[in-house]
There are 2 protein chains.
Amino acid sequence: MSMSDQVLDSIDVVDLGQIYNGPYCSLLLSYMGANVTKIEPPHGEPLRDRVKDGEAPEFVMLNSNKEGMTLNLKTKEGKEIFKELIEDADVLIENFSVGTMERLDLGYGDLTELNPELIYAHSSGFGEEGPYNEYPAMDLTIQAISGVMDVTGFPNGPPTKAGIAVGDFMGGIHLLAGVLGALYERELTGEGQFVEVSMHDSVFPTLMSPMAAHFNDDNVPPRTGNRHSGLAQSPYNVYETADGYIAIFGVTNRHWHSLLEVIGREDLKDDPRFESNVKRSNHLNEVDELVEGWTIERERDDIEETLLDAGVPCGPVKKLEEVADDPHLKERGMINEIDHPDYGKISVPGLPIRFSGSDLPDIEPSPSKGRDTRKVMCERLGYSEAEFEELEEKGVF
Amino acid sequence: MSMSDQVLDSIDVVDLGQIYNGPYCSLLLSYMGANVTKIEPPHGEPLRDRVKDGEAPEFVMLNSNKEGMTLNLKTKEGKEIFKELIEDADVLIENFSVGTMERLDLGYGDLTELNPELIYAHSSGFGEEGPYNEYPAMDLTIQAISGVMDVTGFPNGPPTKAGIAVGDFMGGIHLLAGVLGALYERELTGEGQFVEVSMHDSVFPTLMSPMAAHFNDDNVPPRTGNRHSGLAQSPYNVYETADGYIAIFGVTNRHWHSLLEVIGREDLKDDPRFESNVKRSNHLNEVDELVEGWTIERERDDIEETLLDAGVPCGPVKKLEEVADDPHLKERGMINEIDHPDYGKISVPGLPIRFSGSDLPDIEPSPSKGRDTRKVMCERLGYSEAEFEELEEKGVF
């Protein structure tokens with residue numbers, strides 16, 4: 001329906017992203033049609049180092065559909081080549097620690113002089129300003145400081161990290177929204193701007209439920225295991241089955257009555273201990289024992305089918321290996337099996353945003369280190385082969 | 001620097017969002033300057049129900065800067081008024097379950113006929129298509145099915161939910177990126193489109209680390225507690241202190257040697273068990289006991305200061321009440337203390353994306369139910385007071 005095949009077909013992105021945060025942002029930009037040129041230092045970006053030989057799977061999963069070149073930004077020639085790329089670019093993505101680009105004389109002030117239409121997008125752990133702005137920004141430390149750990153785990157156990165890289169990915173996807181907002185505004189004003197996201201800021205809103213419980217009632221523990229954050233909904237928990245676990249959410253009376261029918265305890269429908277969600281929440285242990293007494297003797301997938309048929313919301317706790325092979329994610333283009341020239345067969349993520357005016361992206365494998373350096377230098381920037389080789393000998397790439 | 005004060009000053013959003021997912025998307029749209037009209041059913045959106053009287057804090061935290069009206073979309077008149085609003089809108093946000101709007105004859109096909117420039121943004125648990133598309137979409141069930149639970153918690157403990165609403169918020173922020181991408185494309189093509197996000201899809205990429213560990217080595221357990229997902233980095237853990245916990249990430253030899261100096265164990269610098277990250281990862285328990293033997297006797301904030309001075313990355317595990325009062329988040333405008341007319345004093349989140357061309361938003365309290373219904377009907381849509389009151393008596397609002 002639209003005139004372009006994909007949303008960002010005409011957009012050029014220079015990408016200094018590393019590890020997860022910046023690269024997730026530029027991955028989605030590339031999937032939306034942008035031409036993304038990933039620039040790595042001569043030794044490769046840190047994510048490549050996670051395996052000794054060949055490609056780290058994380059690198060392969062986060063760098064599909066990108067051009068790849070190396071460039072030594074500490075050399076005079078490297079800086080000049082970088083500036084040539086910036087002159088024609090629409091967007092720069094970088095998630096170095098605060099001040100890195102300024103120390104290279106490649107900060108926003110330097111680059112906007114070359115290209116006032118540039119959108120300079122920076123993501124860091126704690127942002128440019130504020131008392132924590134020089135704190136080390138690993139996902140682990142973000143989860144600690146942001147409160148994610150304090151609200152994850154069981155009341156009688158230690159604070160626990162979420163097993164997902166929530167800081168990195170919340171940072172990266174907020175940065176994507178920032179870039180797209182700035183591209184929209186540039187269509188109206190003709191001007192670029194500096195867009196900044198901090199992982200710490202972007203994680204904060206996700207604490208909504210425990211923060212509300214904290215505002216409502218200071219007696220609720222910060223961590224409630226798999227129970228509701230406010231201990232105010234029941235049944236709401238993860239229950240053990242004969243062969244795994246299942247999450248059940250049966251908090252309305254309609255759900256509860258259906259559940260009682262399924263487990264053969266209609267006699268409890270009028271029991272005053274369980275007659276409302278509030279009453280059930282005052283008898284959490286009794287409700288959970290009742291439900292788990294039934295689930296523990298049955299298989300996870302049978303329980304799921306039975307409960308869904310009865311209209312009781314539930315979800316099987318899928319194992320990682322099941323998720324890696326999930327038929328729904330495959331059908332939706334979120335799991336793409338590719339044969340990567342260096343890694344071999346691997347599944348890589350797709351684009352979690354669907355536009356009716358665009359097709360889902362075709363997936364091209366992540367570049368080997370420096371794969372496209374010569375192409376960018378000679379075909380795009382117009383250097384001769386001899387010039388390229390001279391720079392190569394000098395260690396510029 | 002830009003001509004408009006904020007990125008989306010000229011954009012009108014009709015917002016049917018409920019609970020967390022849609023409302024987070026429209027909250028950020030409103031903070032970016034859009035005029036967001038939140039439409040609730042006559043009894044209010046479900047999030048209001050979480051407390052008996054007054055306003056639920058979650059509702060207050062997610063609905064700042066929005067106009068609020070009620071409208072009964074099941075009445076003929078309600079549908080007509082909704083269509084009048086859509087005719088002049090740029091964006092519609094909704095996160096009802098799949099098929100709800102079609103059953104009301106207000107699906108994308110119906111609305112795009114009225115307004116071909118409309119961007120219709122829909123978020124759901126599992127998306128429009130695929131084998132799970134009718135599964136119930138609570139954050140709890142998304143975390144179960146997506147693998148988040150399988151990778152969170154300790155190897156000898158049960159799968160554990162992340163205490164944050166990762167499905168809802170990853171869904172909402174991906175939807176925001178989708179809306180902004182579609183607004184950009186509309187500037188080029190003049191046409192709107194249908195944008196879709198599923199919570200399940202949007203969570204999948206965050207499994208990056210455990211998925212890579214799964215690809216690398218099937219012997220690593222899916223849950224590694226507070227240790228590295230691949231058990232391949234050390235020291236990397238959360239350590240108990242005299243008064244809490246601290247996350248320490250000292251995986252390079254430089255970090256490790258600094259840490260040994262701080263804890264007075266320089267004698268171990270040449271110990272072959274600990275001479276590289278790989279060796280340390282083969283002796284995880286010994287490394288962790290060594291570190292925790294030192295941290296357990298000291299106070300969290302003293303440890304933090306000592307380690308940061310020594311260049312060892314770490315982060316205090318902040319308690320929820322500390323996060324609610326975090327000085328960094330306050331200084332950055334992420335925590336805003338307001339005096340809400342119905343709730344009273346409360347802190348609400350700000351905009352985690354900073355645009356150099358815009359000021360941070362001023363925060364206006366969330367609307368009471370139906371606060372702006374009359375204003376929208378009479379001032380924007382031009383109904384007379386008499387017409388408004390007649391419709392009101394009919395139960396249209």
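The values are calculated or read from the model by the stated rules, or taken from the named source; none is laboratory data. Treat the numbers as computed from the prediction; the structure is a model and nothing was measured. Here Cβ is always computed from backbone atoms with ideal geometry, including for glycine, and neighbour counts include all displayed protein chains. Quick note on the areas: whole protein, heavy atoms, side chains included, nothing else; ligands and nucleic acids left out. Shrake-Rupley method; radii C 1.70, N 1.55, O 1.52, S 1.80 Å.
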**Study point:** Among the candidates A:30, A:64, residue that is assigned to a loop (DSSP other than H, G, I, E, B) and either within 14 Å of chain B (Cβ to nearest Cβ) or small (Gly, Ala, Ser) (or both)
**Key:** A:64
Revision key, fill the gap. Of (1) in contact with a Cys (Cβ under 7 Å, 6 or more places away or on another chain); (2) more than 10 Å from chain B (Cβ to nearest Cβ), residue A:307 satisfies every one except (2)
Revision key, fill the gap. Taking the range B:345-388 and the residues there that are open to solvent by 30 Å² or more (accessible area, probe 1.4 Å) and assigned to a strand (DSSP E or B), the one that is nearest to the other protein chains (Cβ to nearest Cβ) would be B:354
Review point. In the range A:100-111, is there at least one residue being modelled with pLDDT of 95 or more and on the phi > 0 side of the Ramachandran plot?
Key: yes
Check your understanding: Going by the conditions given, is residue B:246 open to solvent by less than 20 Å² (accessible area, probe 1.4 Å) and hydrophobic (A, V, I, L, M, F, W, C)?
Key -> yes
Check your understanding: Of the residues in the range A:228-264, how many are more than 8 Å from every other protein chain (Cβ to nearest Cβ) and either of a type in the set (Phe, Trp, Tyr) or touching a His at 6+ places or on another chain (Cβ under 7 Å) (or both)?
Key -> 2
Check your understanding: Among the residues of the range A:44-56, is there at least one that is β-branched (Val, Ile, Thr), at pLDDT below 95 and open to solvent by 20 Å² or more (accessible area, probe 1.4 Å)?
Key -> yes
Review point. Facing chain B (nearest Cβ under 8 Å), in contact (Cβ under 8 Å) with a residue 60 or more places away in the chain, out of contact with any Asp or Glu (no Cβ under 8 Å at 6 or more places or on another chain) and open to solvent by less than 20 Å² (accessible area, probe 1.4 Å), is that true of residue A:225?
Key: yes
**Study point:** Which numbered condition residue A:273 fails, given (1) in contact with a Lys or Arg (Cβ under 7 Å, 6 or more places away or on another chain); (2) surrounded by 14 or more Cβ atoms within 10 Å (Cβ to Cβ)
**Key:** (2)
Review point. Is at least one residue of the range B:282-298 under 24 Å from residue A:319 (Cβ atoms) and not in a loop (DSSP other than H, G, I, E, B)?
Key: yes
Exercise for review: Scan the range B:133-149 residue by residue and report those that are open to solvent by less than 10 Å² (accessible area, probe 1.4 Å) and either farther than 20 Å from residue B:206 by Cβ or part of a loop (DSSP other than H, G, I, E, B) (or both).
Suggested key: B:147, B:148, B:149
Check your understanding: Restricting attention to the range B:205-214, does a residue exist that is at pLDDT 95 or above, under 24 Å from residue A:355 (Cα atoms), buried (at least 23 other Cβ atoms within 10 Å of the Cβ) and not aliphatic (A, V, I, L, M)?
Key -> yes
Practice item. Looking only at the range A:4-12, decide whether some residue is under 19 Å from residue A:195 (Cβ atoms) and buried (at least 24 other Cβ atoms within 10 Å of the Cβ). Key: yes
**Study point:** Only listed residue being free of Cβ contacts under 8 Å to residues at least 60 places away in the same chain, assigned by TED's automatic domain parsing to the domain that holds residue B:369 and buried (at least 18 other Cβ atoms within 10 Å of the Cβ), chosen from B:63, B:72, B:35
**Key:** B:35
Practice item. Please find, within the range B:163-204, the residue that is nearest to the other protein chains (Cβ to nearest Cβ) out of those that are more than 19 Å from residue A:350 (Cβ to Cβ), touching a residue at least 12 places away in the same chain (Cβ under 8 Å) and surrounded by fewer than 24 Cβ atoms within 10 Å (Cβ to Cβ). Key: B:191
Exercise for review: Please state which one of B:84, B:80 is in contact (Cβ under 8 Å) with a residue 12 or more places away in the chain, assigned by TED's automatic domain parsing to the domain that holds residue B:357 and open to solvent by 20 Å² or more (accessible area, probe 1.4 Å).
Suggested key: B:84
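Do we have residue A:98 as of a type in the set (Val, Ile, Thr), more than 9 Å from chain B (Cβ to nearest Cβ) and surrounded by fewer than 24 Cβ atoms within 10 Å (Cβ to Cβ) here?
Yes; evaluated as a whole, the condition is true for this residue.
Regarding residue B:319, is this residue within 22 Å of residue A:204 (Cα to Cα) and facing chain A (nearest Cβ under 7 Å)?
Yes.
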